[in-house]
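A quick write-up on the structure given underneath.
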Amino acid sequence: MQVLSSDNINGRCRIVVLISGNGSNLQAIIDHCSDGEIPAELVGVVSNVPSAFGLERARLAGIEARCLNHREFISRAAFDEALTTLVEDFRPDLVALAGFMRILSPAFVDQFAGRLINIHPSLLPCYPGLDTHRRAIADGAREHGATVHFVTQDLDAGPVIIQGRVEVLEDDSEHTLAARVHEVEHRIYPEAVRWFASGRLRVEGDVATLDGQPLT
Ligand code: GAR
């Protein structure tokens, strides 16, 4: 017989979201959890930046919002150790990085392996890292977009779950392109979270699977 903890008495997936800024992807996940589209409890939001607007979004939604300021730690390892403890205290089934702009240590990634996902503003493997919209325009790319993927030790390179594409228009600026990519992000991230919360999404070896079928 499965024994559920008191916090998880209804067996719903417990989600923690990590942010560093505006939190529009967090908001999309909040909205889909509250309208029942995602069968999950958003139990905590953690930011490494005290001024992150996403913390306010969480509080407004009645979600516990915590800040762990990385500037107050002497090393990446010390910050990641404290972050691991803070996040584990929420007993998450899923940890979703949503504009969390810190590289995580191998120990953190190991701790949450298989339950750690990220959204990245490009069609990976194109444009890992920063300034993705600017680089896509500079390259004359015809297509751009966003990727949700499981997080592994390789930066922006874990198993792909879902991608959303946008056409790059001739008169696009970094700003207009980013705005269209954001719209796509707000569709694909809740979808990936919904799959995970429904028990349909897993990582098996190097591949993400949905209902047991490889996604890539
Ligand atoms: C999003 O575009 C997300 O893809 C990106 O940060 C933005 C956060 O926006 N993430 C990365 O660049 C991670 N490498 P938001 O705070 O409004 O959700």
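Things worth noting here:
- Top of LEU97, LEU155, LEU55 by mean-square fluctuation, Gaussian network on the chain, Cα under 10 Å: LEU155
- Estimated 222 nm signal from helices in the chain, with DSSP H stretches of n ≥ 4 weighted -39500 (n - 2.57), rounded to 500: -10000 deg cm²/dmol
- Max mean-square fluctuation residue, GNM over the chain, Cα-Cα springs under 10 Å, options GLY23, GLY205, GLY54: GLY205
- Point-to-point label distance, VAL207-ARG165, nm (Cα→Cβ direction, 7 Å offset): 2.2
- Taken per residue, the accessible surface of region 1-118 reaches 48 Å², heavy atoms only and a 1.4 Å probe.
- Top of SER20, SER75, SER34 by mean-square fluctuation, Gaussian network on the chain, Cα under 10 Å: SER75
- Taking Cβ atoms as reference points and 11 Å as the exclusive limit, the residues near ARG165 contribute a net charge of 0, counting Lys and Arg as +1 and Asp and Glu as -1.
- For region 139-205, the solvent-accessible area works out to 52 Å² per residue, with a probe of 1.4 Å and every protein chain left in place.
- GluC sites (Glu not before Pro) restricted to region 126-216 and DSSP loop, no more than 11 other C-beta within 10 Å: GLU170
- Kyte-Doolittle mean at least -0.5, axial Cα span of 27 Å or more - DSSP H helices of the chain: 174-197
- Net charge, VAL109 excluded, C-beta distance under 10 Å - Lys, Arg +1, Asp, Glu -1: -3
- The share of accessible area on region 92-174 that comes from carbon and sulfur is 51 percent, using a 1.4 angstrom probe.
- In this simple spin-label model, placing a label point 7 Å from the Cα along the Cα-to-Cβ direction at both ALA107 and ARG71 gives a separation of 2.4 nm.
- LEU60 paired with ASP139, simple spin-label distance in nm, labels 7 Å along Cα-to-beta-carbon: 3.5
The values are calculated or read from the model by the stated rules, or taken from the named source; none is laboratory data. Fair warning: this is a prediction, and the values are worked out from it, not measured in the lab. Every residue, glycine as well, gets a Cβ built from its backbone with ideal geometry; the counts of neighbours run over all protein chains shown. To get the accessible areas, we keep the full protein, side chains included, count just its heavy atoms, and leave off ligands, DNA and RNA. Shrake-Rupley method; radii C 1.70, N 1.55, O 1.52, S 1.80 Å.
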